[in-house]
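Peer 1: Sharing a structure with you now.
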Amino acid sequence: MMPDNANSRIGALLLLLGLPLFSQSSPEPHAGWKLATGGEDLILNGYWDTQAEDSAPITIQVSGGVLTANSPSGYLGVPNVLASRLQTMGDFGVVATIQTAPGMNGLITLTGSLNTGAMSWQGMTEIEFGVDNNGNYVFAYWDGSQPNPVLYQTLKNAPATAPSGTVTMEMLHQGKQFFLYFNGTPYGPIADPGLFTLGFMIPGIELFPGQRMKLTQFAFEVPSNDTEAQVYAPMGQISYVHPGDSLGSLAAITGRLFGDEESGVQLALGRNSASYIGPVGVTGGAPDPAYESGVIGNFNLLTAASMYYSETEIGQGEFTFGDGDAMVAVADANGVPVHCHHLIGPNIYLPGWVKNGNFTAAQLTGIMNTHIQTLMGHFKGKCASWDVIEEALNPDGTVDTSTDNVWGNVIGPSYIDTAFQTARQADPKVKLYWNDYGIENQSTKAMGFYTVLSGMQQRGTPIDGVGLESHFTPDSGLLYSPDLASMAANMAQLAKMGLSARISELDMRINVPATSSELADQATAFSIVVQACLNSPNCVSITSWGADDTTSWIAYSGYFPGDGAATLFDPNFQPKPAYTSVMNTLRTAALAITSAPTLTATAVVNAASYAKNGVAPGEIVTLFPNNVGPATLTGTGLNAAGTVLTEVAGTRVLFDGIAAPIIYATKNQVAAVVPYELASRDSTQVQVEYNGILSIAVTVPVVSAVPGIITTNSQGTGEAVALNQDGSHNSAANPAARGTVVTLYATGEGQRNPPGVTGALSGANDAPVLPVSLTVGGAAAHLTYAASAPGFIGMMQIDLTVPQSAPTGAAVPLELTVGTAKSPSGVTIAVK
């Protein structure tokens, strides 16, 4: 008999092995069929509560692998586009298990075509089957021609009292027919009018008013001999091939991110569903297979634009996280950071229960704090940054306290401070932003905003940066058209206040159909915005508000009739002149940087052992940067004060801005001594400089000691640089006798006593603060001297007596210990 915690241990083991973990047992496939790989559990990671947001006041949650749903007054029938979908042109099926009781039942849906018209039913094909409110077994389908089902068939009438128990429901699609099974009893066949000819099946559930559902199993199945069917997880790792440079890759060279705003639904579908994201795209009713790869291939930041108040707290205390969870998951799977958008905004972003609730200031403050704490608590550690406040300014830059902003109207301007303070407490590590429009240039609104920000800082309100929305209309005046000097001056003002800047919602709407002249003006305007960010060191990212012209909000919001074409890519995700202009701007900046020095943290190593596990004060390190150093090796010298030079042949190394003594410099290789000023620090920012141009800083840990014994080769292993007692070089041909003294040299022993002086040549007897020991072939050696190497810099001299118990041989291993740090293995001396 297993102990009580056996299941949790097995689960942990499965996770470690990378195997799928199911909290419920997988359903049994039909005889001669198998569960589709990746579709064994459609409940897991289905992000189902997103559908509750679409169909409020319905509630859906998944706990312990069981989906429970409740629809007190409306219908739920939205396909779950965030769940894994089956793709096949062959036979397929689904199997599901529900709990039944009076008022508890439910139906399964499969969608074969998303809508292709303005109405949600136009072009949509779907089947549903299951147990209705009365306990009847039912089957229905829609063919996209009308809002009501073309066929609604009762397969089995329920008894007078709806039964309680468990029902396993199965649908097999074979040839052109549907076969239904309820607890193994067959029903049908029913002819298929061609509902799944596009080759995909999106799972979902259906609830009637007053219906509750408890779904314990849900899976795809295919014939056992099927080798073609695939299960696609839209919120997983996305395969893409991007030839050459991308917006993200070039921006990364400049130390910035170039992002795109997405919701999980939009990312999963692409540009095809009018009911979700606007006009129909080129793929008709099928999800666009190229959209996700286009997004991930071009951008290196995702803004999760699915965390609006109205989408995450649909009723007081009724939180939905599904779309946000999906966005975080897809970003994590593809190695890009997430900016989360947003927490507290004006009425247009609020559900009716907040803006029409007639709450007191105290009540509304509590509601606001609870919302911030709940969302940030749920996504803690998953968002790189948050928009805490959204669009809270009047045209003069003061805080909006009108009836259009219930927070400012009821609580007053102090709600801003409270929101940021609550956000900082909820997640101390995340970056906190205020996001607004009309503040991109040095407008009246921006000038007033500086006053608001200054007041916040004087009161100690935590804020890290400002999002400049940048919804521009080219050539329409300073407020709505970008001006390079004005934008750069604006971001410089923010920098003086210690604030980062984000180009947070960039688009450029123009009249459609756009002329070549308008597209050219748009391209220039986009380039101006990007250049303004590149000219501003505190500008950390640029985000396009929509990946292409179809998914752009301009195309479907209804706010800008006659306008569109607002992004870098056309409706077919093909580059526009604006894309080319931005890429040229980024490439010019990137090329300037690539000719400058570059350094990585792993290119800073112990000069003796080549270890990469941190630097110690006084250690000699070798750095391997790019675009640094003279063509021939150039050694160091002493300055007029008698200390070692910190610049050799135009090359410098800086640790937290402190110039390090240089030992030599050559092409893409520099040896330097870590400054002793780092002794009390946990990490250091390392830069290299060549001919006045600095590399971007990299962070390297600072450790108390990282000992390395100097060897005769450049690999940090093998024969040590060792002198026998008579002063001759120790070697296989000239071993040291037991009981004689051998002298070794090392580096990385850490701080000395008295404290080391950066750049000063060592005197005698400056011993490390930490204890030193050494073994020869595992035998402890007596150290007659273990201190500074006189007349050198960064080196320690060790005089040891070879133990009588040391083994003999041409390569007897040495191990040096300073404090608790040990030198790497592989260093030897010869003993006879």
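Listed here are the residues, each with its yes/no results for (1) in contact with a Leu (Cβ under 9 Å, 6 or more places away or on another chain); (2) polar (S, T, N, Q).
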position: MET795; (1), (2): no, no
position: ASP799; (1), (2): yes, no
position: SER805; (1), (2): no, yes
position: THR808; (1), (2): no, yes
position: PRO813; (1), (2): no, no
position: LEU816; (1), (2): yes, no
position: ALA821; (1), (2): yes, no
position: THR828; (1), (2): yes, yes
position: LYS832; (1), (2): no, no
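Peer 1: Restricting to the range 520-575, give me the number of residues that are polar (S, T, N, Q) and more than 19 Å from TYR291 (Cβ to Cβ).
Peer 2: 9
Peer 1: Next question, about the same structure. Out of the residues in the range 529-559 meeting the condition of being open to solvent by 50 Å² or more (accessible area, probe 1.4 Å) and more than 22 Å from ILE296 (Cα to Cα), tell me which one is nearest to the chain's Cα centre (by Cα).
Peer 2: PRO537
Peer 1: Any residue at all in the range 234-243 that is surrounded by 15 or more Cβ atoms within 10 Å (Cβ to Cβ) and not in a loop (DSSP other than H, G, I, E, B)?
Peer 2: No, the range 234-243 contains no residue that is surrounded by 15 or more Cβ atoms within 10 Å (Cβ to Cβ) and not in a loop (DSSP other than H, G, I, E, B).
Peer 1: For residues that are closer than 14 Å to THR651 by Cα and of a type outside the set (Phe, Trp, Tyr), tally how many sit in the range 664-689.
Peer 2: The total comes to 13.
Peer 1: For ASP387, only one of the following conditions fails: (1) in contact with a strand residue (DSSP E or B) (Cβ under 7 Å, 6 or more places away or on another chain); (2) more than 25 Å from MET487 (Cα to Cα). What is its number?
Peer 2: Exception for ASP387: condition (2).
Peer 1: Please enumerate the residues belonging to the range 109-118 that are surrounded by fewer than 24 Cβ atoms within 10 Å (Cβ to Cβ) and hydrophobic (A, V, I, L, M, F, W, C).
Peer 2: ALA118
Peer 1: Now, a different point. Do we have any residue at all in the range 159-170 that's buried (at least 22 other Cβ atoms within 10 Å of the Cβ) and at pLDDT 95 or above?
Peer 2: Scanning the range 159-170, I find at least one residue that is buried (at least 22 other Cβ atoms within 10 Å of the Cβ) and at pLDDT 95 or above, so the answer is yes.
Peer 1: A further question follows. Just checking, which of LEU816, LEU783 is farther than 23 Å from TYR610 by Cβ and touching a residue at least 12 places away in the same chain (Cβ under 8 Å)?
Peer 2: LEU783
Peer 1: Look through GLU221, GLU228 and report the one residue that is open to solvent by 10 Å² or more (accessible area, probe 1.4 Å) and closer than 17 Å to MET201 by Cβ.
Peer 2: Residue meeting the stated conditions: GLU228.
Peer 1: Specify the residue that is surrounded by the most Cβ atoms within 10 Å (Cβ to Cβ); the eligible residues are those in the range 308-354 that are aliphatic (A, V, I, L, M) and out of contact with any Phe, Trp or Tyr (no Cβ under 9 Å at 6 or more places or on another chain).
Peer 2: MET327
Peer 1: Let me ask you something else. Search the range 644-667 for residues that are over 20 Å from VAL698 (Cβ atoms) and among the aromatic types (Phe, Trp, Tyr) and pair each with any residue that is open to solvent by 30 Å² or more (accessible area, probe 1.4 Å) and not in a loop (DSSP other than H, G, I, E, B) when their beta-carbon atoms are under 8 Å apart and the residues are at least 6 apart or on different chains.
Peer 2: As it stands, the answer is TYR664/THR634; TYR664/GLY635, since those pairs meet every condition given.
Peer 1: Being β-branched (Val, Ile, Thr) and crowded, with 20+ Cβ neighbours inside 10 Å, is that true of even one residue in the range 193-214?
Peer 2: Yes, because at least one residue in the range 193-214 is β-branched (Val, Ile, Thr) and crowded, with 20+ Cβ neighbours inside 10 Å.
Peer 1: Among helices (runs of 4 or more DSSP H) lying entirely in the range 306-361, which contain 3 or more residues that are closer than 22 Å to ASN409 by Cβ and at pLDDT below 95?
Peer 2: It comes to none.
Peer 1: What about THR50, is it touching a Gly at 6+ places or on another chain (Cβ under 9 Å) and surrounded by 19 or more Cβ atoms within 10 Å (Cβ to Cβ)?
Peer 2: So THR50 fits the description; yes.
Peer 1: Across the range 613-630, which residue is farthest from PRO824 (Cα to Cα) among those that are open to solvent by 60 Å² or more (accessible area, probe 1.4 Å) and modelled with pLDDT of 90 or more?
Peer 2: ASN626
Peer 1: Evaluate the range 17-26: report whether one residue or more is touching a residue at least 40 places away in the same chain (Cβ under 8 Å), open to solvent by less than 10 Å² (accessible area, probe 1.4 Å) and out of contact with any His (no Cβ under 9 Å at 6 or more places or on another chain).
Peer 2: no
Peer 1: Taking only the range 787-832 into account, find how many residues are in contact with a strand residue (DSSP E or B) (Cβ under 8 Å, 6 or more places away or on another chain), farther than 16 Å from GLU619 by Cβ and small (Gly, Ala, Ser).
Peer 2: The qualifying residues number 8.
Peer 1: Test of understanding: among ALA326, ALA331, which residue is free of Cβ contacts under 8 Å to residues at least 40 places away in the same chain and within 17 Å of the chain's Cα centre (by Cα)?
Peer 2: None of the other options fit; the residue is ALA331.
Peer 1: Say whether the condition of being β-branched (Val, Ile, Thr), touching a residue at least 24 places away in the same chain (Cβ under 8 Å) and surrounded by fewer than 19 Cβ atoms within 10 Å (Cβ to Cβ) is met by at least one residue in the range 668-676.
Peer 2: no
Peer 1: Quick check on my filter: what residues within the range 678-697 are surrounded by fewer than 19 Cβ atoms within 10 Å (Cβ to Cβ), within 10 Å of THR600 (Cα to Cα) and among the β-branched types (Val, Ile, Thr)?
Peer 2: Hit for the range 678-697 is ILE696, nothing else.
Peer 1: Moving on. Residues in the range 182-198: is at least one under 25 Å from ASN70 (Cα atoms), over 41 Å from the mean Cα position of the chain (by Cα) and free of Cβ contacts under 8 Å to residues at least 24 places away in the same chain?
Peer 2: Scanning the range 182-198, I find at least one residue that is under 25 Å from ASN70 (Cα atoms), over 41 Å from the mean Cα position of the chain (by Cα) and free of Cβ contacts under 8 Å to residues at least 24 places away in the same chain, so the answer is yes.
Peer 1: Answer with yes or no whether GLY117 is at pLDDT 90 or above, under 28 Å from PRO289 (Cβ atoms), small (Gly, Ala, Ser) and in a loop (DSSP other than H, G, I, E, B).
Peer 2: no
Peer 1: Has the range 772-780 got any residue that is touching a helix residue (DSSP H, G or I) at 6+ places or on another chain (Cβ under 8 Å), touching a residue at least 24 places away in the same chain (Cβ under 8 Å) and more than 17 Å from ASN724 (Cα to Cα)?
Peer 2: Among the residues of the range 772-780, not one is touching a helix residue (DSSP H, G or I) at 6+ places or on another chain (Cβ under 8 Å), touching a residue at least 24 places away in the same chain (Cβ under 8 Å) and more than 17 Å from ASN724 (Cα to Cα), which makes the answer no.
Peer 1: Right, another one. Of these, SER517, SER536, SER504, SER500, which one is polar (S, T, N, Q) and more than 27 Å from PRO337 (Cβ to Cβ)?
Peer 2: SER517
Peer 1: Then there is this: Which condition breaks for THR374 when tested against (1) surrounded by 18 or more Cβ atoms within 10 Å (Cβ to Cβ); (2) more than 29 Å from ILE542 (Cβ to Cβ)?
Peer 2: Only one criterion in (1) surrounded by 18 or more Cβ atoms within 10 Å (Cβ to Cβ); (2) more than 29 Å from ILE542 (Cβ to Cβ) is unmet by THR374, namely (1).
Peer 1: Turning to a different aspect of this structure: Which ones in the range 65-107 are aliphatic (A, V, I, L, M), in a strand (DSSP E or B), under 23 Å from ASP325 (Cα atoms) and open to solvent by less than 10 Å² (accessible area, probe 1.4 Å)?
Peer 2: LEU67, ALA69, LEU76, LEU86
Peer 1: For ILE202, all conditions in the list (1) at pLDDT 95 or above; (2) under 24 Å from ASP54 (Cα atoms); (3) not in a strand (DSSP E or B) hold save one; what is the number of the exception?
Peer 2: Checking ILE202 against (1) at pLDDT 95 or above; (2) under 24 Å from ASP54 (Cα atoms); (3) not in a strand (DSSP E or B), the one that fails is (3).
Peer 1: Just checking, which of ASP396, ASP400 is open to solvent by 10 Å² or more (accessible area, probe 1.4 Å) and under 18 Å from THR461 (Cβ atoms)?
Peer 2: Matching residue, one of ASP396, ASP400: ASP400.
The values are calculated or read from the model by the stated rules, or taken from the named source; none is laboratory data. Source: prediction; values computed, not measured. In this analysis, Cβ positions are derived from the backbone assuming ideal geometry, glycine residues included, and neighbour counts consider all displayed protein chains. All accessible areas refer to the heavy atoms of the entire protein, side chains included, with ligands and DNA or RNA removed. Shrake-Rupley method; radii C 1.70, N 1.55, O 1.52, S 1.80 Å.
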